[in-house]
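Novice: There's a structure below that I have some questions on.
Bear in mind that the values in this text are calculations on the coordinates, not laboratory data. What you are looking at is a predicted structure, and each value in this text was computed from that prediction instead of being measured. In this analysis, Cβ positions are derived from the backbone assuming ideal geometry, glycine residues included, and neighbour counts consider all displayed protein chains.
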Amino acid sequence: MNRFHRLCGRAVRAGFALAAMGVAFGASAAIQEEAVTYKDGDTVMKGFIVYDDASAAKRPGIIVVHEWWGITKHIRDEARRLAGQGYTAFVADMYGDAKTADNPKDAGALAGSVRKNPAAMLSRFNAAKATLSQHARTDASKIGATGYCFGGSVVLDAARAGVDLKGVAAFHASLGAAGSSAQAGGVKSKVLVLNGEADPLIKAESIDAFKKEMAAANVDYRYINYPGAVHAFTNPEATEKGKQFNLPLAYQPEADKQSKAEATKFFSDVFR
């Protein structure tokens, strides 16, 4: 074998080695979900940090607030979806000790205990924000929030309270404020609300009142209603829950797809 062939053989073997290394590195890059215990005062909270470990760079962070059921597979899947889009997502625990409910009575009691104490609700939200901001893969200057049903109401109230957020996206959220309404100059974040037009839990008068509140406070907001969609339309488990408990809950694939696309564009814009 002459020198030329020996060099070619070495180059080919080196190429295969590099390719194998590339495959190995590629395989190791994945969405990571880390359980995080943090505190709001004396209350122990249990959430999840979710990110794509393909890069160690800091990236915008998004707080993900659960439905009244607590932290479920749906919410963790949403955090993974956001991580796949290049964000560091934090699944916040609004109940403490990651409590969950499997029936409307208990879920309502848990959600009600938070909503009736707006100061405590805001404190828990801010504890989640601080935890997300301190993570090594989070750009603390770029934090947003998204929430679903109960969680959507929480992120809207965080915006009303003037929490330093680039934007909040609320899915099938009740619109009334648990605490003070938005005040002119007090809302720092852009607001996106994505609701179902056929949702009997969201009354027309509450929509009108919300729009008037946002306009009076000079909030940069957008409100979208999806025809035919009822409550919890982004949750694949909603239809079964609705039937089980005779509630107006149902998954609506088209509204889910369209609303997620709107939220994706929204966060891309606010984090520029």
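Novice: Treating only the Cβ atoms of Lys and Arg (+1) and Asp and Glu (-1) as charged, compute the dipole magnitude of the stretch 29-270 about its Cα centre; round to the nearest 20 debye.
Specialist: In total the dipole reaches around 380 debye.
Novice: Grab the DSSP H runs of the chain that are 4 residues or longer, score each as -39,500 (n - 2.57), total them, divide by all residues and round the 222 nm result to the nearest 500 deg cm²/dmol.
Specialist: Mean residue ellipticity at 222 nm (helix-derived): -14000 deg cm²/dmol.
Novice: Ok, one more. Among Ile143, Ile31, Ile63, which one shows the biggest mean-square fluctuation in a GNM of the chain, springs joining Cα atoms closer than 10 Å?
Specialist: Top of the fluctuation ranking is Ile31.
Novice: Report the residue, chosen from Gly112, Gly147, Gly84, that carries the largest GNM mean-square fluctuation when the chain is represented by alpha-carbon nodes joined by springs under 10 Å.
Specialist: Checking each option, the largest mean-square fluctuation is seen for Gly112.
Novice: Arrange Leu165, Leu122 by Cβ neighbour counts within 10 Å, fewest through most, would you?
Specialist: By the 10 Å Cβ count, ascending: Leu122, Leu165.
Novice: Could you work out which residue, out of Leu132, Leu247, Leu156, moves most in a Gaussian network model of the chain, that is, has the largest mean-square fluctuation with Cα springs under 10 Å?
Specialist: In the Gaussian network model the winner is Leu247.
Novice: Another one. For the stretch 111-255, give the magnitude of the charge dipole about the Cα centre (Cβ charges: +1 Lys/Arg, -1 Asp/Glu; no others), in debye to the nearest 20. Could you put the intermediate results ahead of the total?
Specialist: Details: 16 positive and 12 negative charges, 89 e Å.
So the magnitude is around 420 debye.
Novice: Another question, then. How large is Rg over Rh for the chain, taking Rg from the Cα atoms and Rh as the Kirkwood inverse mean of 1/r across Cα pairs?
Specialist: 1.11
Novice: Could I ask something else about it? Got a sec? Charge dipole of the stretch 29-270, +1 on Cβ for Lys and Arg, -1 for Asp and Glu; which of His66, Phe90, Leu132 is way out at the positive end?
Specialist: Positive-most Cα among the choices belongs to Leu132.
Novice: Quick one: plug the Kirkwood hydrodynamic radius of the stretch 111-197 (C-alpha pairs) into Stokes-Einstein at 37 °C, 0.692 mPa s, and report D in µm²/s.
Specialist: For these conditions, the coefficient is 251 µm²/s.
Novice: If you line up the long axis of helix 253-270 against the longest principal axis of the chain, both from Cα atoms, how many degrees apart are they, to the nearest 10?
Specialist: 80 degrees
Novice: Rounded to the nearest 10 degrees, what's the angle between the helix 73-84 long axis and the longest principal axis of the chain, both from Cα atoms, 0 to 90?
Specialist: 50 degrees
Novice: Taking the alpha-carbon distance from Lys243 and a cut-off under 25 Å, which lysines remain once sequence neighbours fewer than 8 residues away in the same chain are dropped?
Specialist: Lys73, Lys99, Lys105, Lys203, Lys257, Lys260
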